[in-house]
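What follows is a short report on a single structure.
The values are calculated or read from the model by the stated rules, or taken from the named source; none is laboratory data. All values reported here derive from a predicted model rather than from experimental measurement. Neighbour counts are summed over all protein chains in view; Cβ atoms, including those assigned to glycine, are modelled from backbone coordinates with ideal geometry.
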Amino acid sequence: VAFLPLAPARHFLNACKRLLGLSYQSRQGGLMGVEYKGRTVMVVMSHVGIEPLVLDDALGGDEFQRATEELQKKFQNKKVICGLDVLQRLSGVTLKLMAFEKLLEESPIYRDQVVLVQWCLRPGSRLKDEERSSNEAKAVVERIQQKFGPNQVVYEELTNKNAPLHQRLALWTTAQVFVTSAVRDGLNLWPLEYIYAKRGREPGVVLASEFSACGCLLNGALRINPFDVASVAATMDQALSMAELERTGRMSRDLPYICSRNAALWTRQVLADMWTLAGTNAKDLQAEAELSPDAAKQRKKRLSQVTALEESSMNKTFGGHEMTMVGFEKLSNALVKAAYQQTQRRVFLFDYGGTLVETEGLGKYVKRQASVLLQDDPQVALAKGQKRRKPIIDLVKQLASDPNNTVFVISAVQRERLAKVFRSCPEVGLAASNGMTYTWPGDSPESASGEQQTLRSSMVEGGGESTQIAEGRVWTKFDYGIDWDEVKDVALPILNRITAHTNGSVVQLQEAGGISWSHFNADPEWGQIMAKQLLGELEEALQPLDVSAQRMGSSVEIMPRRLHKGVVVRRILSDQLQYRGGGGMPDFVLCIGDDASDEFMYTSVNAFLADHALPHGEEEESAVKFAFTCAVGLKPSHANMYVDSVDDVESLVRDLVAISNSA
């Protein structure tokens with residue numbers, strides 16, 4: 001039983017449980033199974049895609065070119081809002097027309113600048129419904145034309161099940177806004193066609209009903225409630241006045257998924273799931289036949305218990321050590337500033353997402369909240385949903401410009417993406433992919449000294465290092481002798497199955513060698529469920545290899561077992577002074593992070609301080625005088641202090657920069 005979004009699948013599973021008394025459980029590969037009369041009925045949540053190759057052929061055809069030229073000539077110097085719907089009451093055509101009427105009433109500026117092109121299909125399957133819907137729509141169209149002129153709305157009814165492909169594509173490429181206002185909708189591929197057709201052309205915006213399947217799928221769409229006519233009109237205004245940067249960014253959220261998940265792939269995946277489940281059912285029946293009644297009963301009980309990682313236990317313990325809030329106090333800016341003024345050899349270690357920049361909340365309406373407008377480069381859509389804030393980036397750059405400061409940003413973001421964000425900040429050291437690869441401040445190929453080259457070739461925690469020049473920097477990579485081709489052979493089939501059943505998820509192959517799976521753009525609830533399922537499958541499959549799967553916010557990362565952010569922190573603290581040509585220990589360390597992966601940074605700082613504690617009688621100048629480990633948010637942590645939000649981090653950095661500038 002296949003569903004497009006999660007919501008109807010959830011209702012189906014609840015109905016099976018409440019009305020029929022049937023139990024369901026997760027199955028290998030991201031499937032849900034309902035136990036019914038001794039067999040398992042598969043329940044799948046996966047949206048059908050379009051066929052890019054078919055659209056490419058049509059977009060290069062003569063019919064498309066002629067139709068496009070005709071529409072562009074007809075609507076010259078006007079912005080076009082388009083819509084294509086089946087003429088039924090559930091399609092919400094009348095509500096869409098009423099919203100456009102409201103827009104023209106409240107925004108007179110659009111009366112001579114905007115036209116609504118609405119095509120309606122009359123397949124003849126629901127004659128009474130189609131006739132009633134047609135009468136209602138024509139009445140609103142006539143009212144709009146009487147108020148604002150005959151050219152404000154182009155309304156056309158087509159007695160077909162679908163509009164010709166070349167005509168649809170011509171309309172998509174001409175229109176600046178696509179609106180679907182369905183009250184209840186199933187499969188609708190036209191919004192996906194619209195986004196694909198606009199690729200490489202003037203970017204457009206999709207307004208998708210929150211009751212439609214595509215509204216749950218598309219991350220860059222503006223969501224509307226068709227019944228709230230005033231709100232829909234305001235959203236139309238927002239789309240028409242939207243900057244090109246934001247329109248491009250919104251399209252970039254959905255294009256990778258649309259281009260990679262075609263209809264043929266969806267069909268093959270469904271068939272593969274059926275064969276897999278058929279084999280599983282046969283094995284289950286054979287195994288149960290060989291079991292005693294008591295053993296079979298116990299086996300069913302075990303199968304009904306779905307493996308889950310409890311978030312609460314993850315927060316209470318970490319790395320086998322209990323994290324408490326004893327002695328956990330709020331960071332005092334005055335205390336840090338006083339320590340800053342008394343020291344000369346300072347090290348700053350910052351996480352990126354959730355520390356320097358806000359991370360968009362993984363809430364129920366995460367897609368409504370998502371915004372790419374704050375990205376300087378819309379192509380740099382970070383997997384964790386980070387929102388770029390230029391002021392804090394500039395402040396970090398100024399902080400790193402002080403010759404007494406060594407500043408590092410340590411993130412789970414991939415190397416090329418992190419380098420793009422900090423491309424104007426060569427003074428800032430970077431560590432990407434949770435520290436798998438890092439680069440020192442100002443470490444360009446031209447500036448590398450012989451001593452720095454010696455440091456790069458040293459060994460760390462049983463693993464060697466190798467260097468690579470990329471993004472204008474020299475990057476050092478921890479190498480633990482892992483055969484990543486072997487890891488990919490084992491992990492990618494599992495990741496691809498999970499991705500096929502999680503709309504909006506994506507697999508990312510990192511240049512540094514790691515593999516990640518992100519569900520940030522998926523349904524939040526379903527993404528959490530599938531991430532737990534994926535962790536269980538990967539842990540079992542990757543057991544013979546020297547890698548592990550870890551949960552990192554809205555992603556699952558495959559990385560070397562011995563690698564974490566603490567490894568690169570240890571390297572930075574050990575080598576930063578030799579690298580910068582200084583001597584002695586750093587006398588000031590500030591480490592700030594926000595999530596579970598940053599706990600390794602705190603423990604690494606604490607371990608470094610313990611290893612270099614001041615022996616009795618030794619000069620005080622050779623010891624670390626001030627060390628601050630700080631978590632963003634009040635929660636159990638190995639850090640000794642906390643701040644409330646990213647704004648507090650920015651305020652602290654701003655104060656420290658002011659001290660350096662006044663010196």
**OP:** Give the stretch 512-536 a look and list any residue that's of a type outside the set (S, T, N, Q) and over 23 Å from Met436 (Cβ atoms), or say none.
**Re:** Ala522, Asp523, Pro524, Glu525, Trp526, Gly527, Ile529, Met530, Lys532, Gly536
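Among the residues of the stretch 611-663, which ones are among the charged types (D, E, K, R) and modelled with pLDDT under 90? First the steps, then the outcome.
Kept after step one, since they are among the charged types (D, E, K, R), are these residues of the stretch 611-663: 611, 618-621, 625, 635, 644, 647-648, 650, 654-655.
Of everything in the stretch 611-663, those that are among the charged types (D, E, K, R) and modelled with pLDDT under 90 turn out to be Asp611, Glu618, Glu619, Glu620, Glu621, Lys625, Lys635.
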Subject >> Enumeration of residues in the stretch 1-22 that are closer than 17 Å to His47 by Cα and part of a loop (DSSP other than H, G, I, E, B) >> reply: Val1, Leu4, Pro5
Original post:
Are any of the residues in the stretch 343-355 modelled with pLDDT under 90 and outside any loop (DSSP other than H, G, I, E, B)?
Top reply: yes
**OP:** Filter the stretch 499-526 down to the residues that are surrounded by 23 or more Cβ atoms within 10 Å (Cβ to Cβ) and assigned to a helix (DSSP H, G or I), then identify the one that is modelled with the lowest pLDDT.
**Re:** Trp526
Original post:
What about Ala208, is it under 24 Å from the mean Cα position of the chain (by Cα) and buried (at least 17 other Cβ atoms within 10 Å of the Cβ)?
Top reply: yes
Subject >> In the stretch 636-663, residue nearest to the chain's Cα centre (by Cα) [restricted to those that are assigned to a loop (DSSP other than H, G, I, E, B) and surrounded by fewer than 15 Cβ atoms within 10 Å (Cβ to Cβ)] >> reply: Ser645
Original post:
Which of the following residues is of a type outside the set (Gly, Ala, Ser) and either modelled with pLDDT of 90 or more or touching a strand residue (DSSP E or B) at 6+ places or on another chain (Cβ under 7 Å) (or both): Leu187, Leu217, Leu255, Leu158?
Top reply: Leu158
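Given the condition part of a loop (DSSP other than H, G, I, E, B) and either within 30 Å of Tyr155 (Cβ to Cβ) or in contact with a Cys (Cβ under 6 Å, 6 or more places away or on another chain) (or both), answer yes or no: does some residue in the stretch 29-46 qualify?
Here is the first cut: in the stretch 29-46, the residues part of a loop (DSSP other than H, G, I, E, B) are 29-30, 37-38, 46.
Filter once more, so that each one left must be either within 30 Å of Tyr155 (Cβ to Cβ) or in contact with a Cys (Cβ under 6 Å, 6 or more places away or on another chain) (or both): none.
Within the stretch 29-46, none of the residues are part of a loop (DSSP other than H, G, I, E, B) and either within 30 Å of Tyr155 (Cβ to Cβ) or in contact with a Cys (Cβ under 6 Å, 6 or more places away or on another chain) (or both).
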Original post:
Among all residue pairs at least 6 apart or on different chains, which show Cβ distances below 6 Å where the first residue, located in the stretch 185-208, is among the aromatic types (Phe, Trp, Tyr) and the second is in a helix (DSSP H, G or I)?
Top reply: Tyr194/Trp172; Tyr196/Leu55; Tyr196/Ile258
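Please work out if Phe100 is among the aromatic types (Phe, Trp, Tyr) and touching a Ser or Thr at 6+ places or on another chain (Cβ under 7 Å).
no
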Original post:
Which members of the stretch 629-642 meet the condition of being closer than 17 Å to Ala339 by Cβ and in contact with a helix residue (DSSP H, G or I) (Cβ under 6 Å, 6 or more places away or on another chain)?
Top reply: Thr629, Ala639
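Modelled with pLDDT under 55 and within 26 Å of Asp575 (Cα to Cα), is that true of Gly319?
So Gly319 passes the test.
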Original post:
Which of the residues that make up the stretch 71-96 are part of a helix (DSSP H, G or I), closer than 18 Å to Ser212 by Cβ and out of contact with any Pro (no Cβ under 8 Å at 6 or more places or on another chain)?
Top reply: Arg89, Leu90, Ser91, Val93, Thr94
**OP:** Please tell me if Ile482 is out of contact with any Ser or Thr (no Cβ under 8 Å at 6 or more places or on another chain) and within 18 Å of Ala412 (Cα to Cα).
**Re:** no
